[in-house]
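Accompanying notes for the structure given below.
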Amino acid sequence: MIVIKLLGIDQFNAQELVRDIHLEAAKIFETNPEEIIFYAPDSFLIYKGVEQTSYQLNIEVEAPKKYEPLEEKIASCLIKLFNTTHIHVRVLFTYFDVEHEYNYVNPDYPRYMQEDNMVHFDYEENSDDVYLGNAFEGYEKKVEEKEKEQNKQEAERLHHHHHH
């Protein structure tokens, strides 16, 4: 898997931008587009307190070692692809041995969400809520029961006092 990290890119432009260059990138790496994913975190490059978004772009390529011979070609192509949207571009390569990479691909689902198969994934749109919902499922009930139990004990305790 090749991860192309784009630091200091405007997140909202990032999706459009990489949509347009994804296939191009696969060609540069001489690999299948499925082997490449872009990572565009919400990140700012800052110089002397001034945010450099869309001015400076820092690209980090995380790739299997076998791509090293293509490095110069890849670097100059990536720079060409991004120097239309950014003034300055830096590319750094980090290589890894594939034996340290582990992938699980669920056979019941497409490898990636794409515009034409998004429909099936609608339920995941609020995945945070769904997850939190499940994480705390029954939790409030437990708390309520515990409180009821404590109130009951409290009531019994008070009740006993009145009798003595």
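Taking the range 50-72 as the region of interest, how many residues are exposed (fewer than 13 other Cβ atoms within 10 Å of the Cβ) and in contact with a helix residue (DSSP H, G or I) (Cβ under 9 Å, 6 or more places away or on another chain)?
2
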Practice problem: Considering every residue within the range 68-84, establish whether at least one is in contact (Cβ under 8 Å) with a residue 12 or more places away in the chain, out of contact with any strand residue (DSSP E or B) (no Cβ under 6 Å at 6 or more places or on another chain), of a type outside the set (A, V, I, L, M) and not in a helix (DSSP H, G or I). | Solution: no
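Taking the stated definitions as given, is Tyr47 assigned by TED's automatic domain parsing to the domain that holds Leu92 and surrounded by 13 or more Cβ atoms within 10 Å (Cβ to Cβ)? Spell out the reasoning first.
On the way: assigned by TED's automatic domain parsing to the domain that holds Leu92: yes; surrounded by 13 or more Cβ atoms within 10 Å (Cβ to Cβ): no.
Here the answer is no, as Tyr47 does not meet what is asked.
If you take the residues in the range 1-38 that are of a type in the set (D, E, K, R) and within 19 Å of His88 (Cβ to Cβ), which one is surrounded by the fewest Cβ atoms within 10 Å (Cβ to Cβ)?
First pass over the range 1-38, keeping only residues of a type in the set (D, E, K, R): 5, 10, 16, 19-20, 24, 27, 30, 34-35.
Those still in the list that are within 19 Å of His88 (Cβ to Cβ) too: 5, 10.
Details: Lys5: 18, Asp10: 15.
Checked the range 1-38; the qualifying residue surrounded by the fewest Cβ atoms within 10 Å (Cβ to Cβ) is Asp10.
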Quiz item: Which condition number in (1) in contact with a strand residue (DSSP E or B) (Cβ under 6 Å, 6 or more places away or on another chain); (2) over 14 Å from Ile2 (Cβ atoms); (3) not in a helix (DSSP H, G or I) is the one that Pro41 fails?
Solution: (1)
Quiz prompt | the range 85-125 - residue that is part of a helix (DSSP H, G or I) and under 19 Å from Phe38 (Cβ atoms) and, of those, modelled with the highest pLDDT | solution = Met118
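The values are calculated or read from the model by the stated rules, or taken from the named source; none is laboratory data. Quick caveat, the model's predicted, so the values are computed rather than measured. Please note: Cβ atoms are built from the backbone with ideal geometry, for glycine as well, and neighbour counts cover all protein chains shown.
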